[in-house]
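Take a look at the structure below.
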Amino acid sequence: MEEAILGRIQLLDCTLRDGGYINDWCFGESAIKDITDKMVQSGVDIVEIGFLKNEPYQKDRCVFNSVEQVKKVIGKKKEGVKYAVMCEVVNPLPLELLAPADKDSADIIRVIIWKTKHDEQGNVVDALQEGFEYCKGIVEKGYKLCVQPARVSQYSDKEFVAMVKQFSILNPLAIYVVDSWGTQNPENLLHYMHLADENMPKHISLGYHGHNNMMQALAAAQTMIHEKFQRDIIIDASVYGIGRGAGNLNIEIIAKYMNEQCGKQYDIEKILRIYENYIKDVYAIEPWGYSIPFYLTARYECNPNYARYCIKNELPISLFENALKKLNAFDKIIYSPKILEDIRK
């Protein structure tokens, strides 16, 4: 019997991109460059520099509206490291404004796709085809594509398999299992991972992006590693877990684990310098991390911005939970602070 060939395990840093939800991506021009450089020096496999969006560029924010701005942050590329940026289909950089890929540009564009969206009348309409066409344009521009289906838990098995097969046609670098709101335990996430693994070609990597609203991200990543998929896998993480909601998987923890369990040689000291020089100051102003309000938004599968409102305004937990229980399907997804303002009156 032929021995199974295990895939590579790669680590993607999303400190600047997902961390930007905490400070509106205002890390500062020199910090953006230094965080990128130090993360490259740490040996992380993929470094995500920020968002591509159709909005005015500010040099102190890692939100870009042209590839030329991204190139300045990247500088001279290091061999063996891939550089990424992210787009979101609901607010994309128009493809006509995206320059074709070249040797100095970002290697990878990750695209957040949505299963559905609400039209102007509030009706739920399909959004996957729009996402597919946008992703197709990314590939035609010469970039490697990562497909990031938001809120994987909203897909039935049949729907998820259909999505995987549809986007596999584009030959992306990776298709992800994305736990946007940190609602899923490792067993549930592994179920989706196997659905993807069984329904896409072996040359496509399997990715995982998690959030810590229920403190499950590390366990899910470790479970994925030990499942020994016969394809390449990519795991997202950030320094000190900086990111939306309760934050992401901590890169300093998973990198140490991968050094010990997977024979990696990530330089943890470089990662700690990023925390010391930049991230701890962001945390002092706008902290993130596990809390009961974030737990409750995950439990009831609601937008985590409700939890941040609860924390900032010191709402009683019982009132907050009752409000979440009463949210309709639309308000669970689209954050409306007025709902919580009303219960304070």
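Rule-based calculations on the coordinates, nothing more; no lab input. This one's a predicted model, so the numbers in the text were calculated from it and none came from an experiment. Here Cβ is always computed from backbone atoms with ideal geometry, including for glycine, and neighbour counts include all displayed protein chains.
Observations on the model:
- In this calculation the C-beta distance from residue 66 to residue 153 is compared with R0 = 25 Å, giving a FRET efficiency of 0.10.
- Using R0 = 22 Å, the C-beta based FRET efficiency linking residue 169 and residue 125 works out to 0.50.
- Within the listed set 31, 329, 84, the residue fluctuating most in the Gaussian network model of the chain (springs between alpha-carbon atoms under 10 angstrom) is 329.
- The length gained by stretching the chain between residue 187 and residue 116 to full extension, at 0.36 nm per residue less their Cα-Cα distance, is 23.1 nm.
- Comparing 26, 111, 62 along the charge dipole axis of the chain, the residue lying farthest to the positive side is 26, per the Cβ-charge model.
- Cα-centre dipole for the stretch 292-344 with unit charges at Cβ (Lys and Arg positive, Asp and Glu negative), debye to 20: 40 debye
- For the stretch 9-285, the equivalent ellipsoid derived from the Cα gyration tensor has semi-axes of 26, 23, 18 Å, listed largest first.
- Here's how it looks for residue 87: its modeled amide H is under 5 Å from those of 52, 110, 111, 112, which are all 5 or more places away or on a different chain.
- Net charge dipole size for the chain [Lys, Arg +1 and Asp, Glu -1 on Cβ; Debye, nearest 20]: 280 debye
- Too-long pairs where the Cα-Cα distance tops 32 Å, listed order kept, from 72/202; 59/202; 77/256; 59/325: 72/202; 59/202; 59/325
- Two-site FRET efficiency, residue 162 against residue 281, from Cβ-Cβ distance with R₀ of 41 Å, rounded to 0.05: 0.35
- Cα→Cβ-extended label distance, 7 Å offset, between residue 55 and residue 95, nm: 2.4 nm
- In the stretch 292-344, Rg over Rh equals 0.89, where Rg is the alpha-carbon radius of gyration and Rh the Kirkwood radius from pairwise Cα distances.
- Extension gain for residue 317-residue 338 works out to 5.8 nm (0.36 nm per residue, less the C-alpha to C-alpha distance).
- The stretch 21-64: chymotrypsin sites (Phe, Trp or Tyr not before Pro) falling in loop per DSSP and having at most 14 other Cβ within 10 Å: 57
- Computed over Cα pairs, the Kirkwood radius of the stretch 213-345 leads via Stokes-Einstein (0.692 mPa s, 37 °C) to a diffusion coefficient of 197 µm² per second.
- The stretch 17-173: proportion of alpha-carbon pairs further apart than 26 angstrom, %: 29 percent
- Antiparallel DSSP beta bridges within the chain, as percent of all bridges there, nearest 5: 10 percent
- Considering every alpha-carbon pair of the stretch 27-97, the percent of pairs per 5 Å bin, from zero through the bin containing the longest distance, is 3, 16, 29, 23, 16, 10, 2.
- Using the Karplus relation 6.51 cos²θ - 1.76 cosθ + 1.60 with θ = phi - 60°, the per-residue 3J(HN,Hα) values for the stretch 100-108 come to x, 5, 9, 5, 9, 8, 4, 7, 10 Hz, with x marking Gly and Pro.
- Potential lengthening of the chain between residue 203 and residue 230 amounts to 8.7 nm, from the contour at 0.36 nm per residue minus the alpha-carbon distance.
- Cα centre as origin, Lys/Arg/Asp/Glu Cβ charges: the stretch 188-276 dipole, Debye: 60 debye
- Residue with peak Gaussian network fluctuation, the chain [Cα springs, cutoff 10 Å], from 104, 37, 281: 281
- Alpha-carbon centroids, the stretch 138-208 and the stretch 1-64: separation in whole Å: 20 Å
- Value of [θ]222 nm, deg cm²/dmol, for the chain, DSSP H segments ≥ 4, -39500 (n - 2.57) each, nearest 500: -11500 deg cm²/dmol
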